[in-house]
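A.B. asks: Below you'll find the structure I mean.
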Amino acid sequence: MTDTVSTTITTSPAAPIRPTLSRDDIIMRLSMGAIAIFLIFAIILPLYTMLSKSFENKAGDFIGLQNFAEYFSTPALFLSIFNSLEISIIATFIVLITAFIYGYALTRSCIPLKRFFRLVSLVPLLTPSLLGGISLVYWFGNQGVAKGLLMGEKIYGPIGITIGSSYWVFPHVLMIVITALSITDARLYEAAESLRTSKLKTFFTVTLPGCKYGLISAGFVAFTLIFTDFGVPKVIGGNYNMLATDIYKQVIGQQNFQMGAVVSVVLLIPAIIAFTVDRIVQRKQVALLSARAVPYTPKSDMMRDTVLFLFCLIVAIIILGMVGMAQYAALVKFWPYNLTLTLDNYNFDVMDGGGWDAYYNSIRMGLYTAFFGTIVIFFGAYLVEKGRGFGAGRTALHMIAIIPLAVPGMVLGLAYIFFFNNPANPFNFIYGTMAILVLASVTHFYTVSHLTAVTALKQMDPEFESVSQSLKTPFYKTFSRVTVPVCMPAIFDVSIYLFMNAMTTVSAVVFIYASDTTLASIAVLNMDDAGDIAPAAAMALMIAYTCLAARGIHAVITWQLHKKTQAWRAR
């Protein structure tokens, strides 16, 4: 009998097979890493350095919360918080109500001259916020032509800051309001009309609920812009302290960088809170239009249209009056004693501001910002939206790209001083050069440009990338031959946005320019400080005319692009 021997063979479980990364995936991840490093060095590390400085003394020793204790125990400094909050809240309500009525007239009425009113509303975008304050000086200052309208009150202080801030922020709020009011379903109004609902009740039950999220978002945008603005309170604020001007006084006036860092942290907190609440509110927004929605077409109403037309006309006159007064003052010899017209105020080379070189520096900086910023921002948005795999890395990159929206320009500029002026920093060599101005401008306006690019990329069918991957076409060929041509209008929108903001910004660059990189917006500030108000107005208007010309060129190029490369959009 033969014994049967059974043998048990134990095998170890097979190791999981990890998919190998393709060449495209490796290039994409390296590109995402490069842009993430750029953003970390441009925004994260400078903010961390500034936050660290707020806990140190002038010798660089850690002292905990002593700087904050000193700040809150100094009434003159602590009062600035309440001043900034008060002005921001009041001006936000004023501009929100004004922009809503103005936007309602443009979208829900049959008033004439809609295109004219829309163009006029964009005028403040072309100028630095300083211009509003300068114009108010000529209108209501000690020698202003209409100072009697204030009935003995002074324009220098909260009244001037409120008016100037409302003027400057108005187009920013109006664009959001118009977008919110443009999204509506006519069937809701038809239902209300068939139920014989009064127009007032329809307004409160249909119109307002339909645009409430847009109004909330516009309100937070207005509050943040006013709360963090430097230009208007610097020109027209007088002895009324605001947080943004306190930073300037601490850093430039007293060379107290540590206290400047403390004020920056205080300024940063409300801006972050407003930004966070706005993000939460936007997440609750649901789609208001379905596939069966009917576009809303306003019906003529003589009484309503007349009232709204007069309102828009008054607002347009105020906007044009602000710019017109600044232009007139820039052309007179010596206000208000010699009103002879002259071009002497445009002889910037004899003024204390940087001369015509400052103007040319601004154009150079704006072009550099538009060119390099558009490349980095659009490619980064492409990697976030169209990248394959590595979801965690793409999400992290998108979150970092959102951060600059919550950082005021003054805070960013001061953070750049602490970070890039450190001799131990390997990038110290860019401090005091045009490069740091371009970097600050790109970073400061990164988020809006990023979101614009992402929105454009979302409109493209993901099948483009799927087909190119199945055909083993490198992603960069799809990017250059398909994505870029299709998104070219959005790319030009990003570039003109960066250029115009780089031309008009003051707060982001006021701390980091050098004697040979003075910008036009800084020249306006310096000439105003030196008492050369008319030349300051002239330089501010040169910025406006340059932005207007750039906008015109952008419109022509966009029109040509739509004709040649976007014909597929039309049926």
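A.B. asks: Condition first: small (Gly, Ala, Ser), part of a helix (DSSP H, G or I) and free of Cβ contacts under 8 Å to residues at least 60 places away in the same chain. Now tell me which residues in segment 423-455 satisfy that.
C.D. replies: 435
A.B. asks: Which one of these does residue 217 not meet: (1) within 26 Å of residue 83 (Cβ to Cβ); (2) part of a helix (DSSP H, G or I); (3) modelled with pLDDT of 85 or more?
C.D. replies: It fails just one condition, (3).
A.B. asks: If I ask for residues that are outside any helix (DSSP H, G or I) and within 28 Å of residue 503 (Cβ to Cβ), which ones from segment 80-128 would you list?
C.D. replies: 122, 127, 128
A.B. asks: I'm told residue 467 meets every condition in (1) surrounded by fewer than 22 Cβ atoms within 10 Å (Cβ to Cβ); (2) at pLDDT 90 or above except one. Can you identify the failing condition by its number?
C.D. replies: Of (1) surrounded by fewer than 22 Cβ atoms within 10 Å (Cβ to Cβ); (2) at pLDDT 90 or above, only one is false for residue 467: (2).
A.B. asks: Let me ask something else. Could you run through segment 199-238 and say how many residues are in contact (Cβ under 8 Å) with a residue 40 or more places away in the chain and either closer than 24 Å to residue 124 by Cβ or of a type in the set (A, V, I, L, M, F, W, C) (or both)?
C.D. replies: Looking only at that region, the number is 24.
A.B. asks: So which residues in segment 351-381 are without any contact (Cβ under 8 Å) to a residue 12 or more places away in the chain and closer than 28 Å to residue 458 by Cβ, if there are any at all?
C.D. replies: Result: 375, single match.
A.B. asks: For the structure I just gave you, tell me whether residue 101 is closer than 30 Å to residue 301 by Cα, without any contact (Cβ under 8 Å) to a residue 24 or more places away in the chain and either surrounded by 14 or more Cβ atoms within 10 Å (Cβ to Cβ) or under 27 Å from the mean Cα position of the chain (by Cα) (or both).
C.D. replies: Judged against the criteria, residue 101 is not a match.
One line per residue, one yes/no per condition, for (1) of a type in the set (Val, Ile, Thr); (2) under 16 Å from residue 382 (Cβ atoms); (3) in contact with a helix residue (DSSP H, G or I) (Cβ under 7 Å, 6 or more places away or on another chain):
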residue: 433; (1), (2), (3): yes, no, no
residue: 445; (1), (2), (3): no, no, yes
residue: 466; (1), (2), (3): no, yes, no
residue: 503; (1), (2), (3): no, no, yes
residue: 506; (1), (2), (3): yes, no, yes
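A.B. asks: Kindly check whether there is at least one residue in segment 513-530 that is surrounded by fewer than 16 Cβ atoms within 10 Å (Cβ to Cβ) and within 17 Å of the chain's Cα centre (by Cα).
C.D. replies: Looking for residues that are surrounded by fewer than 16 Cβ atoms within 10 Å (Cβ to Cβ) and within 17 Å of the chain's Cα centre (by Cα), one finds none in segment 513-530, hence no.
A.B. asks: I'd like to verify a number: residues in segment 258-275 that are closer than 18 Å to residue 66 by Cα and out of contact with any helix residue (DSSP H, G or I) (no Cβ under 6 Å at 6 or more places or on another chain), how many?
C.D. replies: 2
A.B. asks: From the list 391, 354, 380, 387, exactly one residue is modelled with pLDDT under 95 and over 18 Å from residue 454 (Cα atoms). Which is it?
C.D. replies: Checking each option against the conditions leaves just 354.
A.B. asks: Continuing with this model, one more query. If we keep just the residues of segment 129-167 that are more than 16 Å from residue 239 (Cβ to Cβ) and assigned to a loop (DSSP other than H, G, I, E, B), which is nearest to the chain's Cα centre (by Cα)?
C.D. replies: Once the filter is applied, the top-ranked residue is 129.
A.B. asks: I've got another one for you. Can you tell me which residue among 324, 413, 366, 393 is part of a helix (DSSP H, G or I), within 26 Å of residue 25 (Cα to Cα) and of a type in the set (Gly, Ala, Ser)?
C.D. replies: Every option except 393 fails the conditions.
A.B. asks: If the requirement is being part of a helix (DSSP H, G or I), of a type in the set (A, V, I, L, M, F, W, C), within 17 Å of the chain's Cα centre (by Cα) and closer than 27 Å to residue 250 by Cβ, which of these qualifies: 490, 536, 502, 540?
C.D. replies: Answer to the selection: 502.
A.B. asks: Would you please name the residue that is nearest to the chain's Cα centre (by Cα), looking only at residues in segment 71-88 that are more than 15 Å from residue 160 (Cα to Cα) and at pLDDT 90 or above?
C.D. replies: Among those residues, the one meeting the criterion is 85.
A.B. asks: Please find, within segment 517-533, the residue that is farthest from residue 132 (Cα to Cα) out of those that are in contact (Cβ under 8 Å) with a residue 60 or more places away in the chain and not in a helix (DSSP H, G or I).
C.D. replies: Checking each candidate, the answer is 517.
A.B. asks: Let me ask you something else. Under 6 Å by Cβ, and 6 or more places apart or on different chains, what pairs join a residue from segment 297-323 that is farther than 13 Å from residue 108 by Cα with one that is in a helix (DSSP H, G or I) and among the polar types (S, T, N, Q)?
C.D. replies: If the second residue must be in a helix (DSSP H, G or I) and among the polar types (S, T, N, Q), the pairs left are 322/135.
The values are calculated or read from the model by the stated rules, or taken from the named source; none is laboratory data. Since the model is a prediction, treat every value here as computed from it, not as a measurement. Every residue, glycine as well, gets a Cβ built from its backbone with ideal geometry; the counts of neighbours run over all protein chains shown.
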